[in-house]
Amino acid sequence: MRVGALALALLCAASPALAGNQVEEKLAESVRAQLRGAIADRGVPVILFESGPENAHKWLYEMSKRLQRRMPDRKARTEFLKTVHYEARRNGLDPQMVLGLIQVESGFRKYAVSSAGARGYMQVMPFWVRLIGEPHHNLFALRTNLRYGCAILRHYLTAENGDYFRALGRYNGSLGQPEYPGAVNAAWQGPWKYEGATS
């Protein structure tokens, strides 16, 4: 897909974070409670593949190779990938799609801040802390950022009946516009595509 590859190349070259303006919506108390539960602190992320530990090691090794240029520190890279996998699977998301989203949103920069004020790897808007979190939650902290981002994306997917195009548009604050969902899909099916087992 030539257009997708071009969009991906342009996004990789851009340095500012590309988060849009997620819209703060009034949430039903049941939805808020569900989201609070989704971001509640959990144990240290561990990659558990139903298909066996050898597949978990293969995935981690392959993803680590692909991410090495952007995250040279092996320990930080391993912790990042384990957390991405854990939070994605916990929310019923494809870890490869989450990696594609992070590439588009922040270029894998932990301290990225968009012009709209979104923060961290998954460019989470600060209003989410007020809506579903605790005042001490730091959106630049690895686990907190990925936990929020994956829970929010799952919320949008549920609200949009599994429609990734619309859910990604809502995540980015660009609902109905094809550029952002197209860029995430290009990254998901391009550099982060993985043919082996991911669970």
Global form of region 87-199, assessed from the alpha-carbon gyration tensor, a/c cut-off 1.5: rounded
Neighbour cut-off at most 16 other Cβ (10 Å), DSSP loop, chymotrypsin sites (Phe, Trp or Tyr not before Pro), region 111-184: TYR111, PHE140
Nearby lysines by direct alpha-carbon distance to LYS110 (threshold 21 angstrom, same-chain neighbours under 8 apart not counted): LYS65, LYS75, LYS82
Residue among ASN138, ASN161, ASN91 with the largest mean-square fluctuation in a Gaussian network model of the chain, springs linking Cα atoms under 10 Å: ASN161
Projected-area average for region 71-143 over all orientations - Cα convex hull basis, square nanometres: 5.2 nm²
Pairwise centroid distance, computed over Cα atoms, of region 58-91 with region 24-38, Å: 29 Å
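What longest range of the chain stays clear of loop-exposed GluC sites (Glu not before Pro) (DSSP non-H/G/I/E/B, at most 13 other C-beta within 10 angstrom)?
The longest uninterrupted stretch comes out as 51-194.
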At q = 0.14, 0.15, 0.19 Å⁻¹, base-10 log of I(q)/I(0) for the chain (Debye sum, equal scatterers on each alpha carbon): -0.77, -0.90, -1.50
Extension gain (nm, one decimal) between LYS75 and HIS136, 0.36 nm per residue minus Cα-Cα: 19.4 nm
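Quick note: the coordinates plus some simple rules give every number you see, no bench work behind them. Model, not experiment: these values are computed from the prediction. All Cβ positions, glycine included, derive from the backbone under ideal geometry; neighbour counts span all protein chains shown.
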